[in-house]
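The values are calculated or read from the model by the stated rules, or taken from the named source; none is laboratory data. These numbers were taken from a predicted model, which means no experiment stands behind them. Virtual Cβ from ideal backbone geometry, glycine too; neighbours counted across all protein chains shown. Areas reflect the complete protein model, heavy atoms only, side chains present, ligands, DNA and RNA absent. Shrake-Rupley method; radii C 1.70, N 1.55, O 1.52, S 1.80 Å.
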Amino acid sequence: MRVPLQAFRWQLGHRAGLQLYQQRSAQITGLLRADKSICRSFSTLVHQAEKKEGLDLDHLLTASHWSKEDLSTIEVTHKDPADWVDKAARATVWVCRSGFDIFSLYKVRMWSGSMHERDWLRRIIFLETVAGVPGMVAGMVRHLHSLRLMRRDHGWIHSLLAEAENERMHLLIALNLRRPGPVFRALVIGGQAVFLTWYSIMYLVCPRYCHRFVGYLEEEAVHTYSKLLEAIDTGKLPMFSNMKAPLFARQYYNLPKDAMLREVFEQIRADEACHRDANHHFSDLAPDQPNTMVDHLRRGHFQHQNVNSGVMKIKREAQAKVLRETFKELDHDEDGFIGIGDLKHAFQQHDTPYSETELEDLVTRADRNGDGRIDYEEFTKAMADDSLH
């Protein structure tokens, strides 16, 4: 009589996994009882710190990280206008930038050397509340356009949503350094209301103009963050020079624990340069032309994400752990393979009746290279192969 593989899985995999679970649970319980006060104190501190500053990357579209080589290539650039649409976009950015500089006293403070840390943070926070709008608006419009015309978008929406989230992360990082007051929040609401309305209408009228506008806007952002880094390097911002990077920023950019705030601003400048190049690229494309550019934000993380990314990651890790532990339990002689002798020992340990023919049949079905034994790769494939039930 053949032993069904399903019964084999239950007898070996699940019982072995249960035994290991019970053993490790007992070990953990003993450790917790040994020093409950320390465990509770540590747990409370960790929970409070994570609740305050922590970041779960599994729920993000992007996970930006720039290497030193990448950062060394970032520079202030400018794309010359090619036609009246480009000139109109450049002129709009110049008007917006000049008006904001005058209203915020940026030019005066830079000229007089009185641009301090709090002034930089106000500027960054306000600008990032605006910078997060274009990507979301463009992504929404193209999403609805795709639904209405019942056809694919061909890669635009993903990059646009990644841009919007990345700009929002810049804002959240800045908010870890300064919390704005009610007057500032009211100005943000007013500015966002005006900009959101104007940009939404313009994107419906001329998407190419809007992407060129954002490209020129990001050129200004790269210039601004370059000035900020220069001020830090020349000692004009001593607080920023000596400040550690917030946990939130370290997690998002995958920076080491000893990373400084300057490194965070350098990463943000690289992000802005990425948005600059991406939007100039979008402006050069026809609206129905596929986006073949895989920008930095999508290359490392975004294209592998899905709605259940966090859950699936945990599930895959748990399954892999159980398979490794089960294979180790079955490999009685610890030679890295499961043979008939190992299976005999396993069946005897679990008081399961067997015959030589049944054991040979199990090995034969799992042994894909014909060497008469089962390695770990063959074991995982056999356990996942539904055709062997």
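Taking only region 326-345 into account, find how many residues are small (Gly, Ala, Ser), open to solvent by less than 40 Å² (accessible area, probe 1.4 Å) and either touching a His at 6+ places or on another chain (Cβ under 8 Å) or in a strand (DSSP E or B) (or both). Matching residues across region 326-345 total 0. Exactly one residue out of 142, 168 is touching a residue at least 12 places away in the same chain (Cβ under 8 Å) and more than 18 Å from residue 269 (Cα to Cα), and it is 142. Pairs linking a residue in region 72-85 that is assigned to a loop (DSSP other than H, G, I, E, B) to a residue that is surrounded by 12 or more Cβ atoms within 10 Å (Cβ to Cβ) and of a type in the set (Ser, Thr, Tyr), with Cβ atoms under 7 Å and 6 or more positions apart or on different chains, are 76/226. On inspection, residue 167 qualifies as crowded, with 18+ Cβ neighbours inside 10 Å and under 24 Å from residue 182 (Cα atoms).
Checked against (1) outside any helix (DSSP H, G or I); (2) without any contact (Cβ under 8 Å) to a residue 24 or more places away in the chain; (3) among the basic types (Lys, Arg), residue 250 meets all criteria but (1). Taking the conditions exactly as written (under 30 Å from residue 245 (Cα atoms), open to solvent by 60 Å² or more (accessible area, probe 1.4 Å) and of a type in the set (Lys, Arg)), does residue 208 satisfy them or not? When the stated conditions are applied, residue 208 does not pass them. Looking for something surrounded by fewer than 22 Cβ atoms within 10 Å (Cβ to Cβ) and basic (Lys, Arg) - is there at least one such residue anywhere in region 237-256? Yes, there is a match, as at least one residue in region 237-256 is surrounded by fewer than 22 Cβ atoms within 10 Å (Cβ to Cβ) and basic (Lys, Arg). Of all the numbered requirements in (1) touching a residue at least 12 places away in the same chain (Cβ under 8 Å); (2) in a helix (DSSP H, G or I), residue 258 misses one, and that requirement is (2). Just one of (1) at pLDDT 75 or above; (2) surrounded by fewer than 21 Cβ atoms within 10 Å (Cβ to Cβ); (3) within 30 Å of residue 160 (Cβ to Cβ); (4) in contact with a His (Cβ under 9 Å, 6 or more places away or on another chain) fails for residue 259. It is (4).
Scan region 22-45 and tell me whether some residue there is outside any helix (DSSP H, G or I) and modelled with pLDDT under 70. Yes, region 22-45 has at least one match.
Being open to solvent by 30 Å² or more (accessible area, probe 1.4 Å), in a helix (DSSP H, G or I) and not aliphatic (A, V, I, L, M) is the filter here; which residues of region 179-194 pass it? Correct list: 182, 184, 185, 190, 192.
Looking only at region 104-119, count how many residues are in a helix (DSSP H, G or I) and touching a Lys or Arg at 6+ places or on another chain (Cβ under 8 Å).
Narrowing region 104-119 to residues in a helix (DSSP H, G or I): 106-112, 117-119.
Right, trim to touching a Lys or Arg at 6+ places or on another chain (Cβ under 8 Å) and you get 106, 110, 118-119.
Selection size over region 104-119: 4.
Only a single criterion out of (1) under 22 Å from residue 279 (Cβ atoms); (2) in contact with a Ser or Thr (Cβ under 7 Å, 6 or more places away or on another chain) is not satisfied by residue 160, namely (2).
Annotation: of all residues in region 68-94 being closer than 15 Å to residue 219 by Cβ and of a type in the set (Val, Ile, Thr), the one that is most open to solvent (accessible area, probe 1.4 Å) is 76.
Residue-by-condition table, conditions (1) modelled with pLDDT under 95; (2) outside any helix (DSSP H, G or I); (3) in contact with a Lys or Arg (Cβ under 8 Å, 6 or more places away or on another chain); (4) farther than 30 Å from residue 74 by Cα:
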residue: 177; (1), (2), (3), (4): yes, yes, no, no
residue: 197; (1), (2), (3), (4): no, no, no, yes
residue: 201; (1), (2), (3), (4): no, no, no, yes
residue: 208; (1), (2), (3), (4): no, no, no, no
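From the residues in region 187-222 that are without any contact (Cβ under 8 Å) to a residue 24 or more places away in the chain and farther than 15 Å from residue 136 by Cα, which one is farthest from the chain's Cα centre (by Cα)?
Start the filter on region 187-222 by keeping residues that are without any contact (Cβ under 8 Å) to a residue 24 or more places away in the chain, which leaves 189-190, 193-194, 197-198, 201-202, 205.
From the residues that got through so far, the ones that are farther than 15 Å from residue 136 by Cα too are 189-190, 194, 205.
Values: 189: 28, 190: 31, 194: 30, 205: 33 Å.
Once the filter is applied, the top-ranked residue is 205.
Taken together, 151, 122, 142, 97 contain a single residue that is outside any helix (DSSP H, G or I), within 32 Å of the chain's Cα centre (by Cα) and surrounded by fewer than 20 Cβ atoms within 10 Å (Cβ to Cβ), which is 151.
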